[in-house]
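One structure is given here, and the rest of the page talks about it.
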Amino acid sequence: MAFLFVLTVGLLAGTISGIVGTGSSIMLMPVLVYAYGPKEAVPIMAVASVMANFSRILAWWREVDWRACAAYSVTGIPAAALGARTLLALPSHAVDLAIGSFLIAMVPVRHWLARHDLKANLWHLAIGGAIIGYLTGIVVSTGPLSVPLFLFYGLSKGAFLATEAASSLGLYFAKSVTFERFGALTGDVFVKGLVAGSSLMSGAFIAKRFVLHLKPEMFRLVMDAIMIAAGLSMIWNAAQT
């Protein structure tokens, strides 16, 4: 039953994230925590995120801005590995509490960023990659931060989805490798990640036809609701341990 639940939520999460550029980890993580516990759920989600981002790259291959991707990844990849190593030293309930609090805190932060007409260049992407990369290593998703960064750089629609996915792919791959090196990514966990990731990949291709029709205000409402609900779920789970 847990297996089918993960697949169902993963398909829905992959479709939504394929439309708005983020949200798959935020939606799927509480389900993985419920099914497998927080210590397994984090590396499972890392593997699934690699697959989800790869599928978005395939769906929008011709739209990738490789200069922006390189600027973000050159600092983000080592920072993500460092953040993942930090995460492994934390107790399970602290992982739940940190992730849940981060998701809820990102709601007002995202609104603050949206109110300011900021412009980003390649140097800003490199600096943002280092900060967001480290946070990505610790928490399940930093999409609410990386999304506005790439939008401020001037990307939109397919180009935004493809470039953000290509940049995040390196971060999640570094996170997965770090988990494997320190024994958190076992064969069983890897298979569970492949299963969750396959549903996210399917959703990404379903989403492509809807990308041009999503209204900005609906995106904001969906993301706020997802982050608050997922954050409260993680905090509740931490309180029970």
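Derivation of every value follows stated rules applied to the coordinates shown; laboratory data play no part. No experiment lies behind these values; they were computed from the predicted model shown. For neighbour counting, all protein chains shown are included, and Cβ atoms are generated from backbone atoms with ideal geometry for every residue, glycine included.
Structure above, values below:
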{"quantity": "Cβ crowding within 10 Å averaged over residues, with 161-171, 192-202, 178-188, 3-13 ranked highest first", "calculated": "161-171, 192-202, 3-13, 178-188"}
{"quantity": "Note, ³J(HN,Hα) from phi for segment 33-48, Karplus 6.51, -1.76, 1.60, rounded to Hz, x at Gly and Pro", "calculated": "4, 5, 7, 10, x, x, 5, 7, 4, 5, x, 4, 5, 5, 5, 4"}
{"quantity": "Set of segment 25-55 residues, backbone N closer than 16 Å to the point 7 Å along the Cα-Cβ line of Leu4", "calculated": "none"}
